[in-house]
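Undergrad: Would you mind keeping the following structure in view while I ask a few things?
All of the numbers you see were taken from the coordinates with simple rules; none came from a lab. In this text the structure is predicted, and so the values were computed from the model without any measurement. Here the Cβ positions follow ideal geometry from the backbone for every residue, glycine too, while neighbour counts run over all protein chains shown.
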Amino acid sequence: MSWLTPTVIDTVIAVVQAIVILLAAVVSGALLSFVERRLLGWWQDRYGPNRVGPFGSLQLAADMLKMFFKEDWIPVFADRKIFTLAPVIAMASLLLSFMIIPITPGWGVADLNVGLLFFFAMAGVNVYAVLFAGYASANKYALLGALRASAQTLSYEVFMGLSLMGVVAMAGTFNMRDIVTAQADMWNIIPQFFGFCTFLIAGVAVTHRSPFDQPEAEQELSDGYHIEYSGMKWGMFFVGEYIGVVLISALIATLFFGGWTGPWLPPIVWFLLKTGFFIMLFVLFRAALPRPRYDRVMSFGWKFCLPLTLINLLVTGAVILLNAPATS
Amino acid sequence: MEQIAQHWSVAIFVVAVFGLCAFMVGLASLLGGRAWGHQKNTPFESGIVPVGSAHQRFSVKFYMVAMLFVIFDVEALFLFAWAVTVRESGWTGFVEAFIFIVVLLAGLIYLSRVGALDWAPIKRAKEIKTSS
């Protein structure tokens, strides 16, 4: 067994971890489609899906089977290549971001120095999915929805980056693992409360979740950019949205609530508990909040959140320098 | 050693993500049925026969948002660089960042005053308000 060196064993363990994390991300995103409908039903005094399996728990399997066997229709008026590419980007860009999330001290795919920047890059790439889908569909509703969606996502991405810079400044690094260890004394939620608020808002807006689901406003645009999609391609947009929810929840837990740290329970339980809490919060937003008007959404982002994050960053910098021992 | 393991896990992760997406698209196109209909090949417009091409002109406001995004996001990048090195750059860096942020905020206030951030021109918004 000369080939079984420690390097090979390490590599095999790392690869298995990567596969497990990927599958966990996809499965939790897919399961969320059932959990959300069930919870929404519960909060709105109705049942939600409860026919397939005990308490409707097999609804996901039924949906998946149905979607796989639906006609995979590419409209003749659409741009075939881009039309097929768009759902792949929508799902892949968000899934790739899971690489940077440190789940426990021993678990995680990549320990990138530029961790957070990688997430911003992938969130930027995700805009293309919406834009390509809307443009390639050659449908007026789809085009309008895509334009709205990309304008909104761009506006909220400007301050999504800035809202996390307070956290970065406090840890002094973009590395997610170091950001978690920097929160050993106090979770970032306390000193970075405004950063948390703005990141939460930006996260909801960037994943096009209600109440910022302007691009899908069904009353005006009857589903926006994925109006011409059906079957599994539509399903990929759908799962992509839920993967986005899981991703943003995991990021919030990692960046503002100390990631895996916590008393008594093992790290993985804490991470899952915190992430699960924010996923529930996302669903509660959808259940509780009405959709604001589009121009209000845009001006809220530019006129309120952007200045707030800039000032937050400046104050954070000043406080860090005041507390730091003079080096120069 | 740890580096090699990490490179492998990243590579496999990326390949697996794209493999999964390709699998979902490919399998669905193999399994799905095929049907034909008279009106199937027209774009959906809530049951109304579509007029003209879908690649039509759209509001100039969207270009405006794109330009503002480029301006502010590129300037945010400079602040990213400052944020990671707050301690190293010290008060000198802070004063520079302060001036930079003040200029940014002044630009934002200017844009807001000339109405670049309003979706509809102020005059028209007033008309809507008075008519309702």
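Undergrad: Can you give me the number of residues within the range A:226-257 that are within 13 Å of residue A:95 (Cα to Cα) and of a type in the set (Asp, Glu)?
TA: Going through the range A:226-257 one residue at a time, the tally reaches 1.
Undergrad: Here's a follow-up. Could you please tell me which pairs satisfy a Cβ distance under 6 Å, a separation of 6+ or placement on different chains, a first residue in the range B:90-109 that is closer than 18 Å to residue A:323 by Cβ, and a second residue that is exposed (fewer than 12 other Cβ atoms within 10 Å of the Cβ) and of a type in the set (A, V, I, L, M, F, W, C)?
TA: none
Undergrad: Something else now. Being over 16 Å from residue B:86 (Cβ atoms), free of Cβ contacts under 8 Å to residues at least 24 places away in the same chain and either in contact with an Asp or Glu (Cβ under 7 Å, 6 or more places away or on another chain) or surrounded by fewer than 17 Cβ atoms within 10 Å (Cβ to Cβ) (or both), is that true of even one residue in the range A:313-322?
TA: No, the range A:313-322 has no match at all.
Undergrad: Answer with yes or no whether residue A:54 is facing chain B (nearest Cβ under 9 Å) and over 25 Å from residue A:16 (Cα atoms).
TA: No: the conditions fail for residue A:54.
Undergrad: Restricting to the range B:57-94, name every residue that is in a loop (DSSP other than H, G, I, E, B) and more than 7 Å from chain A (Cβ to nearest Cβ).
TA: Scanning the range B:57-94 gives B:57, B:59, B:60, B:85.
Undergrad: While we're looking at this one, here's another question. Which of the following residues is at the interface with another protein chain (Cβ under 9 Å from one of its Cβ atoms) and either within 21 Å of the chain's Cα centre (by Cα) or not β-branched (Val, Ile, Thr) (or both): A:129, A:136, A:169?
TA: On inspection, the qualifying residue turns out to be A:169.
Undergrad: Here's something else I'd like to know. Criterion first (under 29 Å from the mean Cα position of the chain (by Cα), of a type in the set (D, E, K, R) and facing another protein chain (nearest Cβ under 7 Å)) does residue B:45 satisfy it?
TA: Criteria met by residue B:45.
Undergrad: Looking at the range A:68-86, which of its residues are within 7 Å of chain B (Cβ to nearest Cβ) and buried (at least 22 other Cβ atoms within 10 Å of the Cβ)?
TA: Answer for the range A:68-86, where residues must be within 7 Å of chain B (Cβ to nearest Cβ) and buried (at least 22 other Cβ atoms within 10 Å of the Cβ): just A:72.
Residues checked against (1) touching a Lys or Arg at 6+ places or on another chain (Cβ under 9 Å); (2) of a type outside the set (Asp, Glu); (3) loosely packed, with under 10 Cβ neighbours inside 10 Å:
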{"position": "B:32", "(1), (2), (3)": "yes, yes, no"}
{"position": "B:43", "(1), (2), (3)": "yes, yes, no"}
{"position": "B:46", "(1), (2), (3)": "no, yes, yes"}
{"position": "B:57", "(1), (2), (3)": "no, yes, yes"}
{"position": "B:63", "(1), (2), (3)": "no, yes, no"}
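Undergrad: Would it be correct to say that residue A:298 is closer than 30 Å to residue A:151 by Cα and within 14 Å of another protein chain (Cβ to nearest Cβ)?
TA: Criteria met by residue A:298.
Undergrad: Right, here's the next one. Suppose we filter A:97, A:28, A:2 for residues that are among the hydroxyl-bearing types (Ser, Thr, Tyr) and within 14 Å of chain B (Cβ to nearest Cβ); which single one remains?
TA: A:97
Undergrad: Hey, another quick one. The conditions are (1) closer than 26 Å to residue A:228 by Cβ; (2) within 9 Å of chain A (Cβ to nearest Cβ), and residue B:12 fails exactly one of them. Which is it?
TA: (1)
Yes or no, residue by residue, for (1) among the hydroxyl-bearing types (Ser, Thr, Tyr); (2) on the phi < 0 side of the Ramachandran plot:
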{"residue": "A:23", "(1), (2)": "no, yes"}
{"residue": "A:28", "(1), (2)": "yes, yes"}
{"residue": "A:38", "(1), (2)": "no, yes"}
{"residue": "A:41", "(1), (2)": "no, yes"}
{"residue": "A:45", "(1), (2)": "no, no"}
{"residue": "A:49", "(1), (2)": "no, yes"}
{"residue": "A:53", "(1), (2)": "no, no"}
{"residue": "A:58", "(1), (2)": "no, yes"}
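Undergrad: Then there is this: Considering only the range A:260-277, how many residues are part of a loop (DSSP other than H, G, I, E, B) and more than 19 Å from residue A:176 (Cα to Cα)?
TA: 4
Undergrad: Are there any pairs, at least 6 apart or on different chains, whose C-beta atoms fall under 8 Å, with the first in the range B:56-71 and touching a residue at least 12 places away in the same chain (Cβ under 8 Å) and the second in a helix (DSSP H, G or I) and hydroxyl-bearing (Ser, Thr, Tyr), and if so, which?
TA: B:68/A:155
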